[in-house]
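The values are calculated or read from the model by the stated rules, or taken from the named source; none is laboratory data. Computed from a predicted model, the values in this text were never measured in an experiment. Quick reminder, even Gly has a Cβ in these numbers, built from the backbone with ideal geometry, and neighbours come from all protein chains shown.
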Amino acid sequence: MHPTRAVARALKRPPPKSPRSNARLSNTASAGASVSSTIIHNHQSLPERPERPNFPCVDAHAARESKIRASFSSSSSQPRSSRFDGPEPPYARPSPQSYHVYHHKSPLPLTYADPLPAFDIAYETWGTLSPTKDNAILLHTGLSASSHAASTPSNPSEGWWEKFIGPGLPLDTDKFFIICTNVLGGCYGSTGPSSIDPNTNQPYATTFPVLSIFDMVKAQFSLLDDLGIEKLYASVGCSMGAMQSLAAGWQFPKRVGKVVSISGTARSSPSAIAMRFAQRSVLMADPNWNNGFYYDGLPPHTGMKLARQIATITYRSGPEWDLRFGRKVRDLPPPLASAPSDPQHQHPHHHQQHYHQGTVRKPALCPDFLIETYLDYQGEQFCLKYDANSLIYISKAMDLFDMTLPALHSINLKPPHPSPPPHEPHSHHLHPHPQHSNASRLPHQTSHSKSHPPPVNPPPHLPSLAEGLAPLANTPTLILGVQSDILFPVEQQREVADALRMAGNERVSYYELGGVWGHDTFLLDVQNVGGAIRGFL
Ligand SMILES: CC(=O)SCCNC(=O)CCNC(=O)[C@H](O)C(C)(C)COP(=O)(O)OP(=O)(O)OC[C@H]1O[C@@H](n2cnc3c(N)ncnc32)[C@H](O)[C@@H]1OP(=O)(O)O
């Protein structure tokens, strides 16, 4: 590019037209001075530039940044732990009083790193442990949830599975003793990157070891040991919790009576890894992330907000957003005087049509469509509630999860022997047969257990997944998926069910739900998800 043009472009000015000035500029020795004089000359001849536009979303973000900075610096005299000991979701507001903490004093061997010298696991319980301790259900959370799955006397705020846990509910506290933990690596009371490393008395930050799903489960079983629970009635989990649930049944086949895996997988897919990678990338590109060492300053809230926006896209579905938001935009001006009684104007699409015909609604570059304001809001809500490093570590653990036999061998995991086959028919009074349960009458159910057709085009890894899942061959297992889930699609649910059957498991219950809620169906569809669980348990 001609040097004059380059400089002019950099200064956002048109290049000089005078051949004389071009000639002068070709003399490199005097180029700098000549460029300035030429530009000053051109500037004087140009009309005033219009004022730069304002962007309310950018201003709001800057204002929020200053507010967060002020709140963090005003609390800088407090010990770090009281400023950032797990940002709190509004539904949980955890505090050391509202959950129990199990402290494990001896080292925990890890899959990818040296043992963790000691660790804490935060947990909450619902229901009563039977005298024989045979009615415990371990509930595993999704990526970012706390142990607060349902309200408790010490924390009456709603939990993330409030409608699933309680007397007569799918996880029936009249029968079962439910235990939910904050996962190892998390930030709601369990040891994670924001916890203090006893060796340095500083937060671990990114010196925290990379974790596997298997490590998380091992930590949970240390808690069970401490509670004297030898065998779980069931291991139940959704999303990442479903991975843990399978891993629990796999690692401890004799200690897990039944496995429930909802919207999970036994082998993270490249597309799910891609979506999580994009989240980690925006997070790690936030200068406040500072290689993970941000606990003394401002957390990477912008990266967290953007990561949550991406995550939210994977948690719901396009069809839901079509129904929920359509192409509606926010802050529609009031209907025109000539049209208030026109019923068409009560519908947002018709508003748009109207403005195309009359006054054109000025599009905004800031969030304008309701789907944009929704994502913006979701990101905003989340960005200070969860520790960024926890998100990175746990999301990585999900990527690494692969129960095909070669992958298990590659991390030196030897499949244990399956539990002995259960007696038929089931004798326990808590075991209604799935086919006679509520779940078998679910409106969206498309396939079930033995009626599930064999795969037409099985994925090439299916045989090695079946070999890997062999320890679960005798464990009754419920696999439930949702057709609109783009994060853990139904193909993955089918492959887990198929692999378990190939491994010889004759007690696989399989449900596939319709509906538009995507991956978050497990949080929203109490009737169908809850019905399937109730029937299976
Ligand atoms: C990968 C894993 O392992 S697990 C991943 C699991 N998924 C998640 O973590 C997502 C968690 N999702 C949630 O917590 C949701 O709030 C749910 C599922 C509990 C409830 O979902 P919904 O009832 O559909 O509510 P949703 O959160 O989508 O929207 C409601 C909120 O958005 C706001 N909102 C809705 N539409 C808009 C919009 N167009 N613009 C701005 N805000 C909006 C509402 O005002 C409401 O705000 P409030 O929560 O402050 O009252």
Note on the stretch 281-309: residues surrounded by fewer than 21 Cβ atoms within 10 Å (Cβ to Cβ) and either within 15 Å of the ligand (Cβ to nearest atom) or among the aliphatic types (A, V, I, L, M) (or both) are Val282, Met284, Ala285, Leu298
Quick one: Ser235 ticks every box in (1) assigned to a helix (DSSP H, G or I); (2) polar (S, T, N, Q); (3) in contact (Cβ under 8 Å) with a residue 60 or more places away in the chain except a single one, so which number is it?
-> (1)
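Would the stretch 306-315 turn up any residue that is within 30 Å of His461 (Cα to Cα), in a loop (DSSP other than H, G, I, E, B) and in contact with a His (Cβ under 8 Å, 6 or more places away or on another chain)?
no
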Subset of the stretch 453-489 [of a type in the set (Val, Ile, Thr) and either modelled with pLDDT under 95 or within 21 Å of Pro415 (Cα to Cα) (or both)] | Val456, Thr475, Thr477, Ile479
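Have a look at Leu365, Leu375 and point out the one that is at pLDDT 55 or above, within 36 Å of the chain's Cα centre (by Cα) and more than 16 Å from the ligand (Cβ to nearest atom).
Numbers: Leu375 fails: more than 16 Å from the ligand (Cβ to nearest atom).
Result of the check over Leu365, Leu375: Leu365.
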Tell me which of these Tyr102 doesn't satisfy, since it passes every other one: (1) within 16 Å of the ligand (Cβ to nearest atom); (2) surrounded by fewer than 21 Cβ atoms within 10 Å (Cβ to Cβ); (3) of a type in the set (Phe, Trp, Tyr).
-> (1)
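Of these, Ser341, Ser395, Ser317, which one is at pLDDT below 95, more than 30 Å from Asp59 (Cβ to Cβ) and either within 14 Å of the ligand (Cβ to nearest atom) or more than 32 Å from the chain's Cα centre (by Cα) (or both)? Steps first, please.
Working: Ser395 fails: at pLDDT below 95; Ser317 fails: at pLDDT below 95.
Every option except Ser341 fails the conditions.
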Would the stretch 167-177 turn up any residue that is over 16 Å from Glu124 (Cβ atoms), under 19 Å from the mean Cα position of the chain (by Cα) and in contact (Cβ under 8 Å) with a residue 40 or more places away in the chain?
-> no
Filter result for Leu138 (among the aliphatic types (A, V, I, L, M) and crowded, with 24+ Cβ neighbours inside 10 Å) | yes
Among (1) closer than 25 Å to Ser212 by Cα; (2) within 15 Å of the ligand (Cβ to nearest atom), Leu323 falls short only on (1)
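Could you list all residues from the stretch 517-537 that are away from the ligand (no atom under 16 Å from the Cβ) and surrounded by fewer than 24 Cβ atoms within 10 Å (Cβ to Cβ)?
To start, the set of residues in the stretch 517-537 that are away from the ligand (no atom under 16 Å from the Cβ) comprises 531-537.
Listed by number, the residues that qualify are Gly531, Arg534, Gly535.
Is it true that some residue in the stretch 123-133 is within 15 Å of the ligand (Cβ to nearest atom), crowded, with 24+ Cβ neighbours inside 10 Å and in contact (Cβ under 8 Å) with a residue 40 or more places away in the chain?
The initial filter retains those residues of the stretch 123-133 that are within 15 Å of the ligand (Cβ to nearest atom), namely none.
The answer is no; no qualifying residue exists.
Residues Ser146, Ser130: which one is modelled with pLDDT under 95, polar (S, T, N, Q) and either within 20 Å of the chain's Cα centre (by Cα) or farther than 24 Å from Phe382 by Cα (or both)? Give the derivation first.
Details: Ser130 fails: modelled with pLDDT under 95.
Being modelled with pLDDT under 95, polar (S, T, N, Q) and either within 20 Å of the chain's Cα centre (by Cα) or farther than 24 Å from Phe382 by Cα (or both) holds for just one of Ser146, Ser130, which is Ser146.
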Within the stretch 142-162, is there a residue that is within 16 Å of the ligand (Cβ to nearest atom) and of a type in the set (D, E, K, R)?
-> yes
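Can you tell me which residue within the stretch 236-251, out of those that are away from the ligand (no atom under 16 Å from the Cβ) and crowded, with 24+ Cβ neighbours inside 10 Å, is farthest from Gly127 (Cα to Cα)?
Restricting attention to the stretch 236-251, the residues satisfying the condition of being away from the ligand (no atom under 16 Å from the Cβ) are 249-251.
Keeping just the survivors that are crowded, with 24+ Cβ neighbours inside 10 Å gives 249-250.
Details: Gly249: 22, Trp250: 26 Å.
The extreme case among them is Trp250.
Lys254: surrounded by fewer than 24 Cβ atoms within 10 Å (Cβ to Cβ), part of a helix (DSSP H, G or I), among the basic types (Lys, Arg) and in contact with a strand residue (DSSP E or B) (Cβ under 7 Å, 6 or more places away or on another chain), yes or no? Before you say what the answer is, go through the steps one by one.
Values: surrounded by fewer than 24 Cβ atoms within 10 Å (Cβ to Cβ): yes; part of a helix (DSSP H, G or I): yes; among the basic types (Lys, Arg): yes; in contact with a strand residue (DSSP E or B) (Cβ under 7 Å, 6 or more places away or on another chain): no.
Judged against the criteria, Lys254 is not a match.
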Cβ-Cβ below 7 Å, separation at least six or inter-chain, first residue in the stretch 518-536 and over 10 Å from Cys238 (Cβ atoms), second within 16 Å of the ligand (Cβ to nearest atom) and part of a helix (DSSP H, G or I): which pairs?
-> Gly518/Tyr315; Gly518/Glu320; Val526/Lys163; Val526/Phe164; Gly530/Phe164
Out of Lys163, Lys218, which single residue is over 20 Å from Met398 (Cβ atoms) and basic (Lys, Arg)?
-> Lys163
Of the residues that sit in the stretch 378-391 and are closer than 19 Å to Gly189 by Cβ and surrounded by fewer than 23 Cβ atoms within 10 Å (Cβ to Cβ), which one is modelled with the lowest pLDDT?
-> Leu384
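Within the stretch 497-516, is even one residue of a type in the set (S, T, N, Q) and within 16 Å of the ligand (Cβ to nearest atom)?
Taking the stretch 497-516 as the starting set, the residues that turn out to be of a type in the set (S, T, N, Q) are 505, 509.
Retained after the next criterion (residues that are within 16 Å of the ligand (Cβ to nearest atom)): none.
Among the residues of the stretch 497-516, not one is of a type in the set (S, T, N, Q) and within 16 Å of the ligand (Cβ to nearest atom), which makes the answer no.
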